[in-house]
1. Please note which helices (runs of 4 or more DSSP H) are completely contained in the stretch 329-437 and include at least 2 residues that are in contact with a Lys or Arg (Cβ under 9 Å, 6 or more places away or on another chain), more than 17 Å from Asp235 (Cα to Cα) and open to solvent by 10 Å² or more (accessible area, probe 1.4 Å).
2. Suppose we filter Ala187, Ala158 for residues that are in a helix (DSSP H, G or I), under 30 Å from Ala290 (Cα atoms) and modelled with pLDDT of 95 or more; which single one remains?
3. I'd like the full set of residues that are of a type outside the set (Phe, Trp, Tyr) and free of Cβ contacts under 8 Å to residues at least 24 places away in the same chain, limited to the stretch 365-402.
4. Restricting attention to the stretch 163-177, which residues are surrounded by 20 or more Cβ atoms within 10 Å (Cβ to Cβ), touching a strand residue (DSSP E or B) at 6+ places or on another chain (Cβ under 7 Å) and of a type outside the set (Ser, Thr, Tyr)?
5. Consider only pairs whose beta carbons are under 7 Å apart and that are at least six residues apart or on different chains; among these, list those whose first residue lies in the stretch 48-74 and is closer than 13 Å to Met342 by Cβ and whose second residue is part of a helix (DSSP H, G or I) and charged (D, E, K, R).
6. Would you please name the residue that is farthest from Asp267 (Cα to Cα), looking only at residues in the stretch 304-319 that are of a type in the set (A, V, I, L, M) and open to solvent by less than 10 Å² (accessible area, probe 1.4 Å)?
7. Pairs needed: first member in the stretch 416-428, within 16 Å of Tyr246 (Cα to Cα); second member anywhere, among the hydrophobic types (A, V, I, L, M, F, W, C) and assigned to a loop (DSSP other than H, G, I, E, B); C-beta distance under 9 Å; at least 6 residues apart or different chains.
8. Would it be correct to say that Ser207 is hydroxyl-bearing (Ser, Thr, Tyr) and more than 24 Å from Ala277 (Cβ to Cβ)?
Amino acid sequence: MRTSTAAALASVTALTLALAGCGDSGGSSASGGGSGDTAQGGSAKSLTFWVMKGTNPDSSKFYAAVKKEFTKETGATLNIQEIEWADAHDRLVRSFAGGGGPDVSEIGTTWTPEFAAAGGLADITQQVEASGMGKDELKALKDSATYDGKQYGVGWYAGVRGIVYRKDVFAKDGIKVPTNWAELEQAVTTLQAKEPKMAAMPIAGGSQYAAAPFIWGAGGDFATKSGNTWKGALDSTASREGLKFYTGLALKDGSSTTAASTWKETDLLDAFAKNKAAMVIQGNWTPKTALEQNPDLKGKIGAFAIPGKDGGVAPAFLGGSNLSVMATSKKKDLAWKFIQLMTTGTLAKTWADQTGYFPTTKTALQPYVDSSDTLVAPFATAMLKGGRNVPSAPQWGTVEGNKTITAMLQSILTGTSVESATTKASAAITSTLNAQS
């Protein structure tokens, strides 16, 4: 996802706040039905929804179904506008200040705290609690939409990373699916010895969130907050332990290749599809792509949740999108009805099935956990049992944009000590998260 600096957003923040307040005065509040909202069954009106382009390959049919259901439920018409991810952040920022934006928008999970802090999103805490939805939301996604104790969005869809592996190779070499870090390392060393033409498990320096299960799994974190102050935490003893294990699979155990130090996750998938890797860390939305690239892999691949240090499921980052009501919208009640429609029931399941991502409530996720599909259930289990969010800081998107974590990983994989690399990265995170907007 594209991000911009907190400073760029700050230039419109004051105006945003003023316009958000004026917008509410002409319509309804988030909890009441004023002149800006028409009650369900009343005269028809329209709602504008911004959605990011490209997530759903069958979007036209889905959007037609959404419009039909929305009109059936509310009597209103729905205007859907597709926005490029590359343009979305800046277009939303401009709409906060100048108006002319949507009533509801898809918002990347790591953008939500930033936009909430700027006053661009409506507080929907009461609506979520009154609907009972809050008890069913996955905690990591609820956290991603929460800023300063208030909720500014509801999870729409999300994905999680796990390990995709060659079942046929594991069977041939007598390797069982690892259930802890020691077994994962043993699998790497066995593959490294028995499959010289394949990298056992390439470690991609450009994949920042592939490292998260090991950082969190060792008890570490990216950053911690005390009062109003954030502090980078990658230089903690626990974070360093996790990073040493993760990068050590490449540096000590020979699981990777020199080239992989600069790879992104797409490069990992490409290597896997070309039979050049036995295991790769991937998102749940990618195995079907590997099968499309190499149909010969059908029936030969599986997946498992990244194991915890001593067993169980390691914490893993849930990346995806929330649906948020814009603070400038004069149709907040109608907007909330739309969010409920999109995040529960048939429409939520249909979107998940078509995109390869997962729905964001425990109830909707459970069928995927129970699935007999070995390329689905392990990821869904990881999401349900181990899902976690990055620090809910307005400036976290800037950390991503600055590539602070990937720079750290790449430096470690090319010879910099974990101690030195994490000291530098933590200092950068501390500075970025505490920057005044």
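1. Where helices (runs of 4 or more DSSP H) fall fully within the stretch 329-437 and carry at least 2 residues being in contact with a Lys or Arg (Cβ under 9 Å, 6 or more places away or on another chain), more than 17 Å from Asp235 (Cα to Cα) and open to solvent by 10 Å² or more (accessible area, probe 1.4 Å), they are 362-369.
2. Ala187 is the lone residue from the list that is in a helix (DSSP H, G or I), under 30 Å from Ala290 (Cα atoms) and modelled with pLDDT of 95 or more.
3. Gln366, Pro367, Val369, Asp370, Ser371, Ser372, Asp373, Ala377
4. Across the stretch 163-177, the qualifying residues are Ile163, Val164, Arg166.
5. As it stands, the answer is Glu73/Lys337; Thr74/Lys337, since those pairs meet every condition given.
6. Ala314
7. Listed pairs, sorted by first residue: Ala421/Leu234; Thr422/Leu234.
8. no
The values are calculated or read from the model by the stated rules, or taken from the named source; none is laboratory data. On a predicted model such as this, the values are computed, not experimentally measured, just so you know. FYI the Cβ positions are ideal-geometry reconstructions off the backbone, even for glycines, and counts take in every protein chain you see. Keep in mind that these areas ignore ligands, DNA and RNA; they rest on the heavy atoms of the full protein, side chains included. Shrake-Rupley method; radii C 1.70, N 1.55, O 1.52, S 1.80 Å.
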